[in-house]
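What follows is calculated from the coordinates using simple rules that are stated; it is not laboratory data. All values reported here derive from a predicted model rather than from experimental measurement. Methodologically, a virtual Cβ is constructed for each residue, glycine included, from the backbone with ideal geometry; neighbour enumeration extends over all protein chains shown.
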Ligand SMILES: Nc1ncnc2c1ncn2[C@@H]1O[C@H](COP(=O)(O)OP(=O)(O)OP(=O)(O)O)[C@@H](O)[C@H]1O
Ligand SMILES: [Mg+2]
């Protein structure tokens, strides 16, 4: 098994005032070293929860109900918490949407990058400044020595996201999770940020999990795509396969609702029907069944619905695929 | 630093306004000081007129104000009718007593409230959190002079471990050479350990009573600000970057939370000066608060005016200090 990150049958519930919310169920996903994987799904499908579970930054109300997360073959869930702290930021990093809020408003951006480097690489004090400036230079910030002294409120949203990327990649992690990194940025900045992530990942051999609503963007950027629906991964395959020969009815609906897929960035149209209420105790094995045109009796038969290999490197969770 | 200058300049009109108000207020208060001064049945109307003239009370209001202003400029705060003393001299003796009490109480309150509020915010619903809430409620619901009386009862009358609540130092002790006016500090500077201990013991109960009063807003604000900050996106970023728990709590969360806490600290400090008035009475503390009450009862204008001016100056200074601290913490406020 050569996956860098391997999520295996992960389940996550959130405890709330009116009972548990079954947010993730039996989620499996492999990410190979150096590969860019797009994770796509409607709002509320559990993309961020999966990302936070991998990083170990879930809300205290979250409970992992099953499965495991392996990084280079080692279980992250069984890892000693102290080592896990050192793992975060060094082996894997994450950037978020709303980059300005993601930065400490009252700390100079260079110091925030320096905090990460000092924590993981412990360079001698005199070398830290140079490391920070290198990190800024790599993300295309001009005049890094001066920019390192800027406050977040002095920078544009796009520049803040570059700072976040510099922070995330400062210690050259093997995995970068980008959770909707371009939401809220203008279109040209979006393209520049995605191009930057792609270039840096290729350059350093960093694997990227790019979380987005935007199927067109993902198709143009990613090697593989994973489609999520209501807390399930329903299909994963190389990006061209998903585009040319999707098997899951939900993937097909997604593609159909994004007609201008030819490389342009465009908003996902909602699919008919809604995500099922994840609080329900009687969630069907296939959470898409209630919206699915191909639903048959077998779809509702009890028993877990797992991913199976529909073709080489093409995994599918559907009991009645076309 | 231009911000400091700007704030200082804006303080000038405020201060001038306070001077006008204090001047007018004492003129519209009931009672003619000349009559009070001359409250001697043998005095004739002519005598009273002479006193009025001597005090400048026969001049038009505008001229009286100009005289008052001119005297203020020279540091002349007038003369207390009751004691016959120069008010400036009286305040020079009493202000350090009040300041020492307030500063000690404030330091005590901050030293308890900040860690308590942070600990409560880190574990909402835990025993620490409940303890913090209990202390805050107690402090908020008991007027500080009541707390003072309770403390006297518990520690002086009942347990007998506190000294008699009679001022800053027992009458038989010799005051240390005056440097700062704070007896505890002066005793330390003079190397007189026994005097230091004695002054500290006198200070403990009134300071504790005032501190308890200040604990409530400080603890509550620290807890609330910390909880809000710990939920912010940038804390998630810091956690995801694997920063140590200490760095996250101190450098990232607490520093941000200190912005609203600093404002609350300034407000609380100003309120404490008001609370001073009654605490000083309860503990026979020779401060300006006790002096102000006496002057009010005696319709003694000059000390009252001085008291109001001092309070206004303190408020302005505290506000300025709050703004400065906020600007130091938060670069966005410095502009
Ligand atoms: N702290 C929480 N408490 C309860 N439910 C939560 C919590 N966090 C997330 N959820 C639920 O988990 C589900 C998935 O949320 P998640 O944020 O992962 O969605 P997403 O796919 O990232 O959506 P988006 O595209 O809007 O970011 C949602 O139904 C949400 O309501
Ligand atoms: Mg999300």
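Descriptive notes on the structure:
- From most to least packed by mean Cβ count within 10 Å, the peptides B:182-192, A:74-84, B:92-102, A:195-205 give B:92-102, B:182-192, A:195-205, A:74-84.
- Computed over the Cα atoms of the protein assembly as shown, the ratio of the radius of gyration to the Kirkwood radius (Rg/Rh) comes to 1.16.
- Fewest-first sequence of B:268, B:222, B:317 by Cβ atoms within 10 Å of each Cβ: B:317, B:268, B:222
- Once the C-beta distance of residue A:202 and residue B:320 is scaled by a Förster radius of 45 Å, the resulting FRET efficiency is 0.25 to the nearest 0.05.
- Rounded tilt (10° steps) of A:125-138 against the dominant C-alpha axis of chain A: 50 degrees
- Extended-chain gain in nm, criterion 0.36 nm per residue less alpha-carbon gap, residue B:111 and residue B:67: 11.3 nm
- Point-to-point label distance, residue A:156-residue A:122, nm (Cα→Cβ direction, 7 Å offset): 4.1 nm
- Mean residue ellipticity at 222 nm, helices only, chain B: -24000 deg cm²/dmol; runs of at least 4 DSSP H residues each add -39,500 (n - 2.57), and the sum is divided by the number of residues.
- Cβ-based exposure ranking for A:171, A:318, in which fewest neighbours within 10 Å come first: A:171, A:318
- In this rough spin-label picture, where each label sits 7 Å from Cα along the Cβ direction, the residue A:16-residue B:161 distance is 5.2 nm.
- Rough spin-label spacing in nm, given labels placed 7 Å along Cα→Cβ, for residue B:333 and residue B:3: 0.8 nm
- Separation of alpha-carbon centers, the stretch B:101-115 and the stretch A:125-165, rounded to whole Å: 40 Å
- Secondary structure note: in the protein assembly as shown, about 60% of the DSSP beta bridges are antiparallel.
- Cα-based helix-to-principal-axis angle, A:157-169 vs chain A, degrees rounded to 10: 90 degrees
- Among the residues of B:242-250, the average count of other protein chain beta-carbon atoms within 10 Å of the residue beta-carbon is 4.
- Once the chain from residue A:79 to residue A:300 is taken as fully extended at 0.36 nm per residue, the excess over their C-alpha distance is 75.8 nm.
- Per residue of peptide A:95-104, the mean number of Cβ atoms on other chains within 10 Å of the residue Cβ is 4.
- Fully extended contour minus Cα-Cα distance, from residue B:255 to residue B:284, at 0.36 nm per residue: 6.5 nm
- Other protein chain Cβ atoms within 10 Å, averaged over every residue that makes up A:57-69: 1
- For chain A, diffusion coefficient by Stokes-Einstein and Kirkwood Rh (Cα), 37 °C, 0.692 mPa s, µm²/s: 160 µm²/s
- Principal-axis analysis of the Cα atoms of chain B puts helix B:61-73 at an angle of about 60° to the longest axis.
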